[in-house]
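The values are calculated or read from the model by the stated rules, or taken from the named source; none is laboratory data. Keep in mind the model is a prediction, meaning the values are calculated, not measured. All Cβ positions, glycine included, derive from the backbone under ideal geometry; neighbour counts span all protein chains shown. For the accessible areas, the whole protein counts, side chains as well, though only heavy atoms, and no ligand, DNA or RNA atoms are used. Shrake-Rupley method; radii C 1.70, N 1.55, O 1.52, S 1.80 Å.
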Amino acid sequence: MLLDLTLTPNRSLPRDHARLLILAIGGMFLIGSIRFLILGLWPVIPFMIADVALLAWAFRSNYRSGGARERLVLADDALTLTRIDPWGKAVEEVLEPFFTRVDIEETPLGDALLFLSARGRRLRVGQFLSAPERREVGALIREALARYRNQIPSTSAIT
């Protein structure tokens with residue numbers, strides 16, 4: 001096996017810390033809602049509860065989407081890209097490594113898009129990665145494809 005990469009989305013805040021953050025914000029809102037209740041401004045309290053609930057929902061959705069991943073495997077005359085969505089459904093794409101090109105398209109805003117191209121097919125890889133990470137992954141794939149091409153024995157050799 002010349003290449004075995006698993007690409008996963010970045011999450012800057014661990015799940016436990018996100019729970020603590022939501023609890024801290026909920027606690028501050030609880031203190032504020034008691035003050036509003038004492039002042040007779042009770043109609044504000046449902047909006048504060050909705051804010052905390054929406055924040056919790058946003059973090060939950062963020063972590064659910066973080067379950068998506070991509071796996072690239074170069075072995076046995078095939079470059080296999082397996083995309084696994086957050087719910088575990090896998091879609092597999094197989095490319096011929098000898099004909100596969102790695103294309104990194106630089107955008108005017110400094111982003112880099114990573115594509116694998118072979119025989120009229122073009123697959124985007126690592127959409128959830130940052131631009132420097134895509135460049136690094138592209139270099140790793142190029143290196144693995146070059147090693148694959150160099151290990152194939154020449155058919156024009158005289159025996």
Problem set entry | Exposure rank, largest accessible area first [Leu54, Leu74; 1.4 Å] | Leu54, Leu74
Problem set entry | Stokes-Einstein translational diffusion, the range 67-133 - Kirkwood Rh over all Cα pairs, 0.692 mPa s, 37 °C, in µm²/s | 255
Seminar exercise, completed: For the pair Met28 and Phe47, the simple spin-label estimate (label points 7 Å beyond Cα toward Cβ) gives in nm 1.8
Problem set entry | Segment Tyr63-Ser130, extension gain: residue separation times 0.36 nm, minus the distance between their alpha carbons | 22.4 nm
Exercise. Of Asp4, Asp85, Asp77, which has the most accessible area with a 1.4 Å probe, and how do the rest follow in descending order?
Worked result: Asp77, Asp4, Asp85
Problem set entry | Simple spin-label estimate for Leu140 and Leu54 in nanometres, 7 Å along Cα-Cβ | 3.8
For this session: Report the extension gain between Leu113 and Arg19 in nm, rounded to one decimal, defined as 0.36 nm multiplied by the number of residues separating them, less their alpha carbon distance.
Result: 30.5 nm
For this session: Give, in nm to one decimal, the length gained when the segment between Ile38 and Asp76 is fully stretched (0.36 nm per residue of separation minus the Cα-Cα distance).
Result: 6.5 nm
Problem set entry | the range 14-105: trypsin sites (Lys or Arg not before Pro) in DSSP loop, at most 15 other beta carbons within 10 Å | Lys89
Problem set entry | Estimated distance in nm for a label pair at Glu105 and Trp87, the labels positioned 7 Å out from Cα along Cα-to-Cβ | 2.9
Exercise. Over the chain, what percent of the accessible surface lies on carbon and sulfur atoms, probe 1.4 Å?
Worked result: 61
For this session: For the range 6-22, take each phi angle, set θ = phi - 60°, evaluate the Karplus expression 6.51 cos²θ - 1.76 cosθ + 1.60, and give the result in whole Hz per residue in order, putting x for glycine and proline.
Result: 10, 9, 10, x, 7, 10, 7, 10, x, 4, 5, 5, 5, 4, 4, 5, 5
Seminar exercise, completed: From DSSP H assignment alone, runs of 4+ in the chain each adding -39500 (n - 2.57), the sum over residues rounded to the nearest 500 puts [θ] at 222 nm at -14500 deg cm²/dmol
Exercise. Between Arg149 and Val94, what FRET efficiency comes out of the Förster formula 1/(1 + (r/R0)^6) with R0 = 22 Å and r the beta carbon distance, rounded to 0.05?
Worked result: 0.80
